[in-house]
Ligand SMILES: Nc1ncnc2c1ncn2[C@@H]1O[C@H](COP(=O)(O)OP(=O)(O)OP(=O)(O)O)[C@@H](O)[C@H]1O
Ligand SMILES: [Mg+2]
C-alpha cells in the first residue's frame with residue numbers, strides 16, 4: 001500500500017496529490033501551443049507534474065532526460081531517441097512513415113540513414129555531422145510527420161539546464177529556438193532544477209531561448225491539500241483519520257518537501273500498516289530521527305564539498321538566521337567579512353542548498369540537511385532573535 005501511495009520516484013495516479021492550479025496552467029499552455037518551462041528546486045515534483053498532465057490529456061508524448069548528456073553528441077543522441085519514441089507512438093503504419101521521413105530528408109538534401117531497428121524506426125545522421133544541426137533536423141522531420149497527420153504531440157525535455165552548461169550551448173539553444181518557432185504541431189515542455197542556469201538560458205537577452213517559454217515555478221504543496229490526501233489513505237488503512245498532532249508533526253519535520261513527505265509517510269505506513277491505530281506524533285519523530293541517522297554519511301559527504309565559510313553560513317541559516325546576513329550582527333556571528341558572505345550565499349543558492357522566500361528570507365531547501373545540521377552542530381548558533 002505505502003509504495004503505491006508514497007513513491008520515492010515519479011508520483012502517478014493515486015499517488016499524485018493536488019497541483020490543480022499548475023496542472024490547469026500547463027493544460028492551457030499545451031492547448032494554446034505555448035512552449036513551457038517548469039522550474040523548482042530538486043525533487044519538488046516537476047517530472048511527476050508534466051507526466052501526469054500529459055497522460056491525463058492523452059496527447060502523444062515522449063520524455064528526453066538530459067541529465068546524463070555530458071556533451072553535445074550525447075544531447076543529440078538523447079533527443080533523436082526521443083523523436084524515435086514519439087514517432088513510434090503516433091504511427092499506425094510504420095512502413096509508410098519510413099517512406100515519408102526518407103522523403104523529408106532527401107528533399108532537405110540531408111544524408112541520414114532511416115531504417116528499422118526491430119519494430120522501431122531508427123534515424124541516424126551522417127557521421128561527424130554537427131550536433132546542433134542534427135537536433136534541428138530530427139525535430140523538424142518529426143514536425144513534418146505530425147503536420148501531415150494533423151496530430152499534435154509533446155516532447156518533454158527534462159533536466160534541460162544540462163545543455164546550458166556545455167561549451168556549444170549557444171548553438172544547441174539556437175537550434176531548439178529555431179524549431180520552437182517553426183512548429184505548429186510539436187510542442188516543447190522543458191524542465192529543470194538549476195534555476196540559476198535556466199534563468200541565464202531563458203531570461204538573458206543575448207541567449208537564443210530568451211522569452212521563448214511561459215514559466216511555471218513549482219512550490220511546495222499546501223498543508224490543506226496534503227492533509228486531505230493523507231487522510232484519505234489513512235481512512236483506507238485504519239478506518240480513521242490521522243490525529244491532527246501526527247499531521248502537524250509530519251509537516252513540521254518535512255516542511256512539506258514532496259520527496260521527504262513521501263519518504264516519511266512511506267516509512268510510517270510500513271511500520272504501522274498492520275496496527276490498529278494510525279501513528280502518533282512521537283512515532284513520526286522517531287522515524288524521522290532514524291532516517292537522519294541512516295542518511296548522515298550522505299549529508300556529511302555533501303557538506304564536505306563546501307568551504308568552511310559556506311558551511312558556517314549554511315549552519316547559521318539552519319539555526320534560523322534568515323535576514324540581514326550582511327549586517328554587523330551576522331558577520332560577527334559567523335566571523336566572516338561582508339564580501340565573503342555574499343560570495344558564499346551565491347554559491348549556496350546556485351547549488352540549491354538555500355532558497356529565498358518572497359520577503360527575501362533565506363531558508364534551507366532540504367529539510368533533512370537542515371535537521372542534520374541542527375543535529376551535527378548542536379549549540380553552535382542561536383537564531384538572531386534568541387541572541
Ligand atoms: N503531486 C505530487 N503528489 C505527491 N507526491 C509527489 C507529487 N509530485 C512529486 N511527488 C513526489 O516528490 C518526489 C519528487 O518528484 P519528481 O521526481 O517528480 O520531482 P522532480 O522535481 O522532477 O525531481 P528532480 O529534480 O530530482 O528531477 C517523488 O518522491 C514524488 O513521488
Ligand atoms: Mg525530475
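For residue 27 and residue 324, a Förster radius of 51 Å and the Cβ-Cβ distance give a FRET efficiency of 0.75, rounded to the nearest 0.05. Full extension of the chain between residue 122 and residue 273 yields a length gain of 49.6 nm, computed as 0.36 nm times the residue separation minus the alpha carbon distance. Remark: segment 307-376 is approximated by an ellipsoid whose semi-axes, taken from the C-alpha gyration tensor as √(5λ), come to 17, 13, 12 Å, largest first. Comparing Cα centroids, segment 129-202 and segment 50-108 end up 11 angstrom apart. Based on DSSP H segments of at least four residues, each scored -39500 (n - 2.57), the chain has a per-residue ellipticity at 222 nm of -17500 deg cm²/dmol. Measuring nothing but how far apart in sequence close Cα pairs (under 8 Å, 6+ apart) lie, relative to its length, the chain scores a relative contact order of 18 percent. Computed from label points 7 Å out along Cα-Cβ, the spacing between residue 244 and residue 56 is 3.0 nm.
With contacts taken as Cα pairs under 8 Å and at least 6 residues apart, segment 79-188 reaches a relative contact order of 28 percent.
Need one number: % antiparallel among DSSP beta bridges in the chain, to the nearest 5.
30
Normalising the average separation of contacting C-alpha pairs (under 8 angstrom, six or more residues apart) by the number of residues puts the relative contact order of segment 223-302 at 30 percent.
Using 0.36 nm per residue and subtracting the Cα-Cα separation, the extra length available between residue 285 and residue 298 on full extension is 2.6 nm.
Listed peptides 104-110, 36-42 appear in the order 36-42, 104-110 once ranked by packing, highest mean of other Cβ atoms within 10 Å at the front.
In square nanometres, what is one fourth of the surface area of the convex hull spanned by the alpha carbons of segment 223-302?
Working: hull surface 20.5 nm².
Approximately 5.1 nm², given one-decimal rounding.
Secondary structure note: in segment 19-217, about 20% of the DSSP beta bridges are antiparallel. Computed from the Cβ-Cβ distance with R0 of 22 Å, the FRET efficiency linking residue 337 to residue 305 stands at 0.50.
Which order do peptides 361-373, 244-256, 282-294 fall in by mean Cβ count within 10 Å, highest first? Each step should come with its number before you reach the end.
Values: 361-373: 20.4, 244-256: 18.2, 282-294: 15.8.
Highest mean packing first, the order is 361-373, 244-256, 282-294.
Extension gain, residue 375 to residue 206: 0.36 nm times the residue separation minus the Cα-Cα distance gives 56.3 nm. Given 4 °C and 1.567 mPa s, compute D for segment 19-217 with the Stokes-Einstein relation, Rh being the Kirkwood radius over Cα pairs; round to the nearest whole µm²/s. Roughly 76 µm²/s, to the nearest whole number.
What area, in nm² and to one decimal, does the C-alpha convex hull of the chain cast on average over all directions? Numbers along the way, then the final one.
Numbers: hull surface 89.3 nm².
For the Cα atoms of the chain, the hull's average projected area reads 22.3 nm².
For the peptides 176-183, 45-52, the ranking by packing is 45-52, 176-183, with the highest mean count of neighbouring Cβ atoms within 10 Å listed first.
Values quoted throughout were computed directly from the atomic coordinates according to the rules given, and no laboratory measurement underlies them. Because the structure is predicted, anything quoted here is derived from the model rather than measured. Using ideal geometry, Cβ is built from the backbone for each residue, glycine included, and neighbour counts are taken over all protein chains shown.
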